[in-house]
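First comes the structure, then the notes that go with it.
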Amino acid sequence: MDGFAQRPLLAEALAAFGRPAAIVDLETTGGSFDTDRITEIAFLRFDGRTVSRYHSLVNPQRPIPPFVRSLTGIGDETVAGSPLFADLAQELLPLLRGCILLAHNSKFDYTFLRREFARCGLAFAAPTLCTVQLSRRLYPQFYKHSLESIIERHGIAAKSRHRAEDDVRAVADYLETALREQGSATFAAHASALVRPKPPAALPADLEQAFHALSDGCGAVLWLDGENRPLHLAAYRHTFSEAAHWLAVSEQAQQAASLRFLPAAGPLHALALKAQLAEQYVCRPSEKPAAAAVPEYLTVRLRSDGHGCVRAKLERLSDGLSAERPYGLFPNKKAAKRALSEWARACGLCPKRLDILPQSHPRGIPCPAAISGGCACLSDGLETHNRRAAEAAHFLPVTGWGRAHTLEITETDAAAGMRVSFVCSGGAMRLADGLWYFDHSLPALLKEKFKKERHNIRICAADGALHGA
């Protein structure tokens, strides 16, 4: 039996969280979240004075390596007739959704669960409490906090190690022992501090249900008030965690009554979905960090001077949609003017016709490039100048990630079966309807993509051809 009477201190301590809690353990074919799969799942679920247990072997649909078989005793023949995770998912989801998940190295168990649910087309996220970290806090005098060390140190009876059901019982017995030795107040203080993310306080029923139905992957969330009016719109990388934080710190959260969530393949896709929701709901600008922390960017627009000559004009890039493609991205006027001068010289364009000469340059005096004999205005008519300026605009640099002018970036969420590509230029992204979207978070994201994910990027040359990055 694994009821309340067997671990009364633990049941009382977990009930203090005000929501169900589950001590979870998984066995898997290995340690890769992408390629390995679950072979066994077990948990004890505490809901007030009710304690229930769950256990099942799982067919991973792939060979179990000899090392794992030797460690766990679970081989291919052990799971041959067992259900697939997809067969268990609808049964498991309501038991685990809304719970605080406790596990020894909770990141491992939580991530495997989240990925397995995603492969079934189901969003899953939950607050977690790592019992390794809890042991370090409760018993700082000890160096080792593996489950083996804890079992030995506290004299806990464990029938079989590296089997999910027995490991769950061992963790539960350890927590009961820690409560008896350390006291409920000390236990509660450390346990509460380690829950990530912090579960929000009482929410309206619809919002509570929608919040716990979020995934912890990328996505866009639109928060709505009681009259279905937009309150706040955001693109998230870790939706459940970041949504929990917003609920905890934002004054607007007190008015939130419901939400709309669109899952994304990656952070770029999340921003595209944010733009989609903004257009659909005609949202006012979202909350931003303090003004000093939000960078402001400039770009170049090609404008006619009214007499048939194209000028290169600096304009501030604002969050939102635009029919015009931005050219170049600059953090300030000084950097933009320096880049424009270098661009005109490298492309053989007339700085005077482009109207990018310093204000101190005397009127009526030829531009320096013309005086030195290296200016295209000596041979080009206005039509040629305009055409060459438009062609060269693609080569204006983007601050932070250099002269990779136009990029096609692909994002993939293999577990959820999503793959999307975006064309990005001048720090903005082109959406499916041909409009260009800019967000103040995009430049840093594009810089990160270019540095870390070149295998997912192709560079577009001036002629429109795409080449590997």
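The values are calculated or read from the model by the stated rules, or taken from the named source; none is laboratory data. Remember, predicted model here, so these are calculated numbers, not experimental data. Using ideal geometry, Cβ is built from the backbone for each residue, glycine included, and neighbour counts are taken over all protein chains shown. Just the protein is used for accessible areas: all its heavy atoms, side chains included, with ligands, DNA and RNA removed. Shrake-Rupley method; radii C 1.70, N 1.55, O 1.52, S 1.80 Å.
In the stretch 79-186, counting only helices (runs of 4 or more DSSP H) that sit wholly within it, the ones holding 2 or more residues that are among the aromatic types (Phe, Trp, Tyr) span 106-119. Looking at the stretch 245-263, which of its residues are among the small types (Gly, Ala, Ser) and outside any helix (DSSP H, G or I)? If the condition is that a residue be among the small types (Gly, Ala, Ser) and outside any helix (DSSP H, G or I), then Ser250, Ala256, Ala257, Ser258 are the ones that fit. Scan the stretch 410-451 for residues that are in a helix (DSSP H, G or I) and in contact (Cβ under 8 Å) with a residue 24 or more places away in the chain and the total you get is 9.
Condition first: closer than 27 Å to Leu26 by Cα, buried (at least 18 other Cβ atoms within 10 Å of the Cβ) and touching a Phe, Trp or Tyr at 6+ places or on another chain (Cβ under 6 Å). Can you find one or more residues in the stretch 184-201 that meet it? Taking every residue of the stretch 184-201 in turn, none turns out to be closer than 27 Å to Leu26 by Cα, buried (at least 18 other Cβ atoms within 10 Å of the Cβ) and touching a Phe, Trp or Tyr at 6+ places or on another chain (Cβ under 6 Å). Being of a type in the set (Asp, Glu) and closer than 30 Å to Arg137 by Cα is a condition met by no residue of the stretch 245-263. Looking across the stretch 60-90, the residues that are in contact with a Ser or Thr (Cβ under 9 Å, 6 or more places away or on another chain) and open to solvent by 40 Å² or more (accessible area, probe 1.4 Å) come down to Arg62, Pro63, Pro65, Arg69, Gly73, Thr78, Pro83. Out of all the residues in the stretch 425-439, which are at pLDDT 90 or above and open to solvent by less than 40 Å² (accessible area, probe 1.4 Å)? Result: Ala428, Met429, Leu431, Gly434, Trp436, Tyr437, Phe438, Asp439. Being touching a strand residue (DSSP E or B) at 6+ places or on another chain (Cβ under 6 Å), modelled with pLDDT of 95 or more and within 30 Å of Glu176 (Cα to Cα), is that true of even one residue in the stretch 77-85? No, that holds for no residue.
Of the residues making up the stretch 19-44, those that are without any contact (Cβ under 8 Å) to a residue 60 or more places away in the chain and open to solvent by 30 Å² or more (accessible area, probe 1.4 Å) number 2.
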